[in-house]
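Trainee: Quick one: the structure is below, questions incoming.
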Amino acid sequence: MKINEQVEAQVRAVLDAAVHRDSDRFDSALDALSVSQETLTKAVELTLAVNAAVLFEVHDGLPSTHEINEISRNIGQQERWAEVSAQDVHAVLSAVTTGKLPRLANTASGVSVVFVVAANLLATASQPDEGEWWFNYLDKVEAAIEAAG
């Protein structure tokens with residue numbers, strides 16, 4: 001996947017707001033993405049690819065159904081600020097693991113959950129105590145996504 005630099009910058013703005021749980025900035029960054037359906041679609045596709053890459057790396061492959069259920073519950077609890085339910089998270093994670101993507105981009109809540117899940121996975125999987133913050137980890141993930149084609 002070739003990553004569009006402008007879309008990537010906007011995705012990072014949304015992810016940064018989500019990592020910091022700044023709902024006003026998150027909403028503004030999502031609104032900026034929504035100006036163009038093409039931009040929004042590319043942003044969601046990139047963010048779903050990030051979700052998949054982080055999820056598969058952390059679990060050394062496809063996570064089990066039990067792991068998906070546990071991650072969904074945890075993210076649903078941790079990200080209450082974004083009004084993301086465990087069911088919403090489960091839908092995204094199931095879609096990522098099966099490749100059967102639901103019509104997430106058709107609803108505002110569907111779009112936001114994709115970004116909230118990515119922000120949570122990136123923040124959880126990065127190692128700030130070792131100097132790898134979520135945005136540095138995202139650099140590695142994006143490089144892997146582009147290398148995979």
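Trainee: Rg/Rh for segment 1-50: what does it come to with C-alpha atoms and Rh from Kirkwood? Show your work: numbers first, answer last.
Mentor: Numbers: Rg = 10.2 Å, Rh = 10.7 Å.
A ratio of 0.95.
Trainee: In segment 42-102, what trypsin sites (Lys or Arg not before Pro) fall in a loop by DSSP, with at most 11 other Cβ atoms inside 10 Å?
Mentor: Within segment 42-102, the qualifying trypsin sites (Lys or Arg not before Pro) (loop, at most 11 other Cβ atoms within 10 Å) are 100.
Trainee: Hey, can you grab everything whose amide H is under 5 Å from the amide H of residue 132? Only 5+ residues off in sequence or another chain; H modelled, so Pro and N-termini drop out.
Mentor: The answer is 127.
Trainee: What does segment 44-86 give for Rg and for Dmax, in Å, if only its C-alpha atoms count?
Mentor: So, for segment 44-86, Rg and Dmax equal 11.3, 30 Å respectively.
Trainee: Would you kindly calculate the mean projected area, averaged across all directions, of the convex hull enclosing the Cα atoms of segment 106-149, in square nanometres?
Mentor: Details: hull surface 15.3 nm².
So the Cα hull casts an average projection of 3.8 nm².
Trainee: In Å and from the alpha-carbon atoms only, list the Rg and Dmax of the chain.
Mentor: Gyration radius and largest Cα-Cα distance of the chain: 14.0, 39 Å.
Trainee: What residues of segment 86-100 lie in the reach of a label at residue 58, counting those whose backbone N is under 18 Å from a point 7 Å from the Cα along Cα→Cβ?
Mentor: Under 18 Å, as judged by backbone N against the label point of residue 58, lie 86-99 of segment 86-100.
Computed from the coordinates by the stated procedures, all read-outs in this text should not be read as laboratory data. Being a predicted model, the structure only gives us computed values, none of them experimental. Cβ sites come from the backbone with ideal geometry, for glycine too, and all protein chains shown count toward neighbours.
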